Amino acid sequence: MRPPIRVAVTGAAGQLAYSLIFRVVSGELFGPDQPVHLHLLEIPPAMKALQGVAMELDDCAYPLLAGMELGDDPHKIFEGINRALLVGSKPRGPGMERKDLLLDNGNIFVGQGKALDRAASDIQILVVGNPANTNCLIAMNNAKDVPKERFAAMMRLDHNRARAQLAAKAGVAVNDVTNVTIWGNHSATQYPDFLNAKIGGKPVTEVIEDRDWLENEFIPLVQKRGAAIIEARGLSSAASAANAAVDHVKSMISVTPEGDWFSAAICSDGSYDIPEGMIFSFPLRSNGSKWEIVQGLEVEPFAREKINATLSELNEEREITKQLLG
Ligand code: NAX
């Protein structure tokens, strides 16, 4: 057996983590020969519930679960971790302004960003807790010892939603839908790009000829899917979000299939005229250990307008939280 990989999950007693943690230690994420040592972070009022999650993990008798650390201090919990899945954040309370939400959550990610300096030298971070891009920006700017390319914010749920909707409209299997990109922010301004996407190897616009549906139904459907789930379920997406986190990590650590790509928000290097240092979602490919932004995609004026709108929202979020950027 290999030495265990140390995986931190924050918000570990929350509903998303409840769907995620069990998949992390089942062998599904890192393979059947890779033991996992869990580092589970919560806030003090949730520690009892976290004990309950730990009891259930024991009761699964997972052969790959090498151990568990539970705690409410990120400096202790992040000691020696190889991967951080930063799920925990504060939900928007009644009457709370977006600005307050950004600042409240931003403060969590200042502390966790600083604590990431305790992680192992190969640390990789995925921020899931909302507002994910700005939380990721804050954590990245406060983790002085961690290279910026180790940070990502989760866009995979949006990416999966877009694939599923295109497949349903075209009446094909999800696997026939490739080359989907979500650009920008994990919010209702994101731009799900159907112009560069393919169905069965052909441009989407050749298979789904109803351009009005693509522009005026598909895009808002993906952008507002999170709200539609809350409306239907009374709770935000949890199982599908956990599934997306699993897909994200797998895509990052596997070789991307030839000709395809996946979406994740990472630190911009200036590609596609997105200012350097923004946490922005791009099309990515991975060689199994490093990712790169797919270059050369066509961005026609329709797409540029949408990309500019989501960029402008991210600029606003950065402005609101600028005092937290270290
Ligand atoms: P829950 O409210 O069920 O769980 C959040 C947990 O985080 C709670 O147990 C809370 O005690 C804990 N927490 C709060 N502050 C913490 C801190 N400083 N350190 C450690 N833990 C802390 O929410 P849940 O449904 O699990 O959602 C978690 C986050 O994922 C939310 O921010 C949510 O908005 C976000 N999502 C992000 C998605 C994405 O695609 N990026 C999709 C799904 C989800 O909505």
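The values are calculated or read from the model by the stated rules, or taken from the named source; none is laboratory data. Source: prediction; values computed, not measured. Reconstructed Cβ throughout: ideal geometry from the backbone, glycine too, with neighbour counts over all protein chains shown.
When you look at residue 29, is it more than 16 Å from the ligand (Cβ to nearest atom), aliphatic (A, V, I, L, M) and either in the same structural domain as residue 76 (by TED's automatic domain parsing) or modelled with pLDDT of 95 or more (or both), yes or no? Taking the combined requirement at face value, the residue satisfies it. Residue 269 fulfils the conditions (1) touching an Asp or Glu at 6+ places or on another chain (Cβ under 8 Å); (2) part of a strand (DSSP E or B) except for a single criterion, (2).
Of the residues making up the stretch 81-96, those that are more than 9 Å from the ligand (Cβ to nearest atom), assigned to a loop (DSSP other than H, G, I, E, B) and out of contact with any His (no Cβ under 8 Å at 6 or more places or on another chain) are 82, 93, 94, 95, 96. Just wondering, is there one or more residues in the stretch 255-264 that are farther than 21 Å from residue 303 by Cα, within 16 Å of the ligand (Cβ to nearest atom) and touching a strand residue (DSSP E or B) at 6+ places or on another chain (Cβ under 6 Å)? No, there is no match, as no residue in the stretch 255-264 is farther than 21 Å from residue 303 by Cα, within 16 Å of the ligand (Cβ to nearest atom) and touching a strand residue (DSSP E or B) at 6+ places or on another chain (Cβ under 6 Å). Residues in the stretch 127-151 that are touching a strand residue (DSSP E or B) at 6+ places or on another chain (Cβ under 8 Å), under 12 Å from residue 279 (Cα atoms) and crowded, with 24+ Cβ neighbours inside 10 Å: 127, 132, 133, 134, 135, 136, 137, 139, 140, 151.
Could you list, in sequence order, all residues of the stretch 1-20 that are β-branched (Val, Ile, Thr) and within 11 Å of the ligand (Cβ to nearest atom)? Passing the criteria: 9, 10. Among the residues of the stretch 153-190, just one is in a helix (DSSP H, G or I), of a type outside the set (D, E, K, R) and in contact with a Lys or Arg (Cβ under 7 Å, 6 or more places away or on another chain), namely 174. Restricting the first member to the stretch 288-304 and to residues that are surrounded by 10 or more Cβ atoms within 10 Å (Cβ to Cβ), and the second to residues that are part of a strand (DSSP E or B) and of a type in the set (Lys, Arg), the beta-carbon pairs closer than 9 Å and six or more apart or on different chains are 291/285; 292/285; 293/285; 294/285. Among the residues in the stretch 113-125, are any assigned by TED's automatic domain parsing to the domain that holds residue 308 and exposed (fewer than 15 other Cβ atoms within 10 Å of the Cβ)? The answer is no, given that none of the residues of the stretch 113-125 is assigned by TED's automatic domain parsing to the domain that holds residue 308 and exposed (fewer than 15 other Cβ atoms within 10 Å of the Cβ).
Identify the residue in the stretch 191-246 that is more than 20 Å from the chain's Cα centre (by Cα) and of a type in the set (S, T, N, Q) and, among all such residues, is nearest to the ligand (Cβ to nearest atom). Selected residue: 196. The residue that is modelled with the lowest pLDDT, counting only those in the stretch 97-109 that are more than 10 Å from the ligand (Cβ to nearest atom), surrounded by fewer than 19 Cβ atoms within 10 Å (Cβ to Cβ) and closer than 23 Å to residue 44 by Cβ, is 100.
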